[in-house]
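Asks: Quick one: structure below, then a few questions.
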Amino acid sequence: PGVYQVQAAAEGYAPLWSEEINTDRIAPAAIALSPGGTIAGMVVNHNGEPVDAAKVIPLSLAGGAMPATRDTFVSEDSAVRTSIGAFTLKNLSPGAETLKVTQPDYAFVLADNIPVVEGQTTEGVRITLTAGATVEGYVYDDQGRPQAAQPVYFRDDSGSETAALGTAVTDSNGFYRVWH
């Protein structure tokens, strides 16, 4: 017994979450899949040059399955790689999409509120990557002893789970480094 949602997915269609289904009420649950929409764009560096082999990840397909993690990138499902900067993401659910773009030589970027319209392609999306910075240091306890295996998190001030800027774990000397 309980209240559930079902996610349906099939190749060539946008995944869809059902309305809430209460098992105490006997009623059919219809889920109608559609092809969804497409986002097409470019990933460039700060000079406007195309960035090859960047990974473009849609949150609607890479978010968690539980309500607490739906707005958090928990996987890289349905990610595509750029070719000479260009990318195309197909079969996305209509609505506003958030994209996470990663590439080893750059800081990752979140691009949000990209419109997805049923049966249409949102073109001209341009995402700019920057080199970012490197932060490093040591973690000590209150007695001045280096702390090994301690997680260090970097987030922006929004408080959002998607706002994680970097994570590191200290080595045996308490040292950590986060780059890009």
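Asks: Of the candidates Asp157, Asp52, Asp142, which one comes out as most mobile in a Gaussian network treatment of the chain with C-alpha springs shorter than 10 Å?
Replies: Ranking Asp157, Asp52, Asp142 by mean-square fluctuation puts Asp142 first.
Asks: Right, something else. Rg/Rh for the chain to two decimals, with Rh computed the Kirkwood way over all alpha-carbon pairs. Could the numbers behind the result be given before it?
Replies: Values: Rg = 20.1 Å, Rh = 18.7 Å.
Taking Rh as the inverse mean 1/r over Cα pairs, Rg/Rh reads 1.08.
Asks: What's the magnitude of the charge dipole for the stretch 90-180 around its Cα centre, counting Lys and Arg as +1 and Asp and Glu as -1 at the beta-carbon? Answer in Debye, nearest 20. Intermediate values should be presented prior to the final figure.
Replies: Details: 6 positive and 12 negative charges, 39 e Å.
So the dipole magnitude of the stretch 90-180 works out to roughly 180 debye.
Asks: Running a GNM on the chain with Cα contacts under 10 Å, which residue among Thr128, Thr23, Thr72 ends up with the highest mean-square fluctuation?
Replies: Thr23
Asks: Follow-up question, since we're still on this one. Might you report the magnitude of the Cβ-based charge dipole of the stretch 1-159 about its Cα centre, with Lys and Arg at +1 and Asp and Glu at -1, to the nearest 20 debye?
Replies: On the way: 9 positive and 19 negative charges, 45 e Å.
Result for the stretch 1-159 is approximately 220 debye, rounded to the nearest 20.
Asks: Return the calculated 222 nm mean residue ellipticity for the chain, to the nearest 500 deg cm²/dmol, obtained by summing -39500 (n - 2.57) across DSSP H runs with n ≥ 4 and dividing by the residue count. Kindly include the intermediate steps, with their values, before the conclusion.
Replies: Values: 1 runs with 4 residues, N = 180.
Calculated mean residue ellipticity at 222 nm is -500 deg cm²/dmol.
Asks: Here's something else I'd like to know. Report the residues of the stretch 68-105 in range of a label on Glu49: point 7 Å along Cα→C-beta, backbone N strictly under 20 Å from it.
Replies: Within reach of a label on Glu49: 82-87, 102-105.
Asks: Turning to a different aspect of this structure: I'd like the carbon and sulfur percentage of the solvent accessible area for the chain, probe radius 1.4 Å, heavy atoms only, ligands and nucleic acids excluded.
Replies: Using a 1.4 Å probe with all protein chains present, the chain comes out at 51 percent carbon and sulfur.
Asks: Follow-up. Write down the accessible area per residue of the chain in Å², having rolled a 1.4 Å probe over the full set of protein chains. Show your work: numbers first, answer last.
Replies: Details: 11030 Å² over 180 residues.
Here the per-residue accessible area is 61 Å².
Asks: Quickly rank 11-19, 73-81, 144-152 as a protection proxy: mean count of other C-beta atoms within 10 Å, highest first.
Replies: On the way: 11-19: 13.7, 73-81: 15.7, 144-152: 12.1.
Output ranking for 11-19, 73-81, 144-152: 73-81, 11-19, 144-152.
Asks: Build a GNM of the chain with springs between Cα atoms under 10 Å: which of Glu97, Glu118, Glu20 gets the top mean-square fluctuation?
Replies: Among Glu97, Glu118, Glu20, the largest GNM mean-square fluctuation belongs to Glu20.
The values are calculated or read from the model by the stated rules, or taken from the named source; none is laboratory data. As the structure is a computational prediction, the values presented were derived from the model and not from experiment. For neighbour counting, all protein chains shown are included, and Cβ atoms are generated from backbone atoms with ideal geometry for every residue, glycine included. Surface areas here come from the heavy atoms of the whole protein model, side chains and all, with no ligands, DNA or RNA. Shrake-Rupley method; radii C 1.70, N 1.55, O 1.52, S 1.80 Å.
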